[in-house]
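Working notes for the structure below.
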Amino acid sequence: MKPEITPQRSEPAPEFALRLSPTPRGARLARLLAAHQLRDWGVTGEAAEAAELVVAELANNAVQHGRVPGRDFELRMEHTGDHVTVELADARAERRPSPCRNPDEGGYGLLLAATLTTTWGVKDRQVGKTVWATVPLTSALPQ
């Protein structure tokens, strides 16, 4: 008689982090990998869409405004209870983000992130800065 082998199912880690090249391709990859991680965490529907959009906008900003040649940007996400915290770190501390009051062509990224999150901000790093946002997992999109 052969012993039964039952595969071990482990819970996905509540934290996800990776470094990407500061290119449009890196920004797209950040969104795709974030979407994959959200699915692994069981985050779906409007909450997942909101988190993906926040990652996409912050990654795009890191690539466009925080790029330093030879330096990657970092995506970090943490799933805790009823929210996901998204952090994008880049190497340009002097380029602080601020929502555009009257955006013409572009400038909507931070307004979108502010709408989809409960809170967001910027913190300094030893090199560069981190833009972070907290995405709620319930009632993620405004009515």
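The values are calculated or read from the model by the stated rules, or taken from the named source; none is laboratory data. Because the structure is predicted, anything quoted here is derived from the model rather than measured. Using ideal geometry, Cβ is built from the backbone for each residue, glycine included, and neighbour counts are taken over all protein chains shown.
Within the range 70-83, restricting attention to residues that are more than 17 Å from Pro136 (Cβ to Cβ) and among the hydrophobic types (A, V, I, L, M, F, W, C), which residue is surrounded by the most Cβ atoms within 10 Å (Cβ to Cβ)? Write out each step before concluding.
First, pick out the residues of the range 70-83 that are more than 17 Å from Pro136 (Cβ to Cβ): 70-76.
Imposing the further condition that a residue be among the hydrophobic types (A, V, I, L, M, F, W, C) reduces the set to 73, 75.
Details: Phe73: 28, Leu75: 26.
The residue in question is Phe73.
Name every residue in the range 63-78 that is under 11 Å from the mean Cα position of the chain (by Cα) and either in a helix (DSSP H, G or I) or of a type in the set (Phe, Trp, Tyr) (or both), in order of residue number.
Going through the range 63-78, the residues under 11 Å from the mean Cα position of the chain (by Cα) turn out to be 74-78.
Listed by number, the list is empty, since nothing qualifies.
If you go through the range 110-132 one residue at a time, do you hit one that is in a loop (DSSP other than H, G, I, E, B) and modelled with pLDDT under 80? Spell out the reasoning first.
Quick first cut of the range 110-132, residues in a loop (DSSP other than H, G, I, E, B) only: 117-118, 125-128.
Pick out the ones that are also modelled with pLDDT under 80 and you get none.
No, the range 110-132 contains no residue that is in a loop (DSSP other than H, G, I, E, B) and modelled with pLDDT under 80.
Count, please, the residues in the range 73-95 that happen to be closer than 19 Å to Arg28 by Cβ and of a type in the set (D, E, K, R). Write out each step before concluding.
Initial filter on the range 73-95 (closer than 19 Å to Arg28 by Cβ): 73-77, 86-90.
Next cut, of a type in the set (D, E, K, R) only: 74, 76, 87, 90.
The number of residues fulfilling the criteria is 4.
For the range 49-69: of the residues being aliphatic (A, V, I, L, M) and without any contact (Cβ under 8 Å) to a residue 40 or more places away in the chain, which is surrounded by the fewest Cβ atoms within 10 Å (Cβ to Cβ)? Working first, answer last.
Keep residues of the range 49-69 that are aliphatic (A, V, I, L, M), which gives 50-51, 53-56, 58-59, 62-63, 68.
Subsequent filtering for residues that are without any contact (Cβ under 8 Å) to a residue 40 or more places away in the chain retains 55-56, 59.
On the way: Val55: 28, Ala56: 20, Ala59: 28.
Among them, the one singled out is Ala56.
How many of the residues in the range 14-48 are surrounded by fewer than 16 Cβ atoms within 10 Å (Cβ to Cβ) and part of a loop (DSSP other than H, G, I, E, B)?
Summing the residues that are surrounded by fewer than 16 Cβ atoms within 10 Å (Cβ to Cβ) and part of a loop (DSSP other than H, G, I, E, B) in the range 14-48 gives 5.
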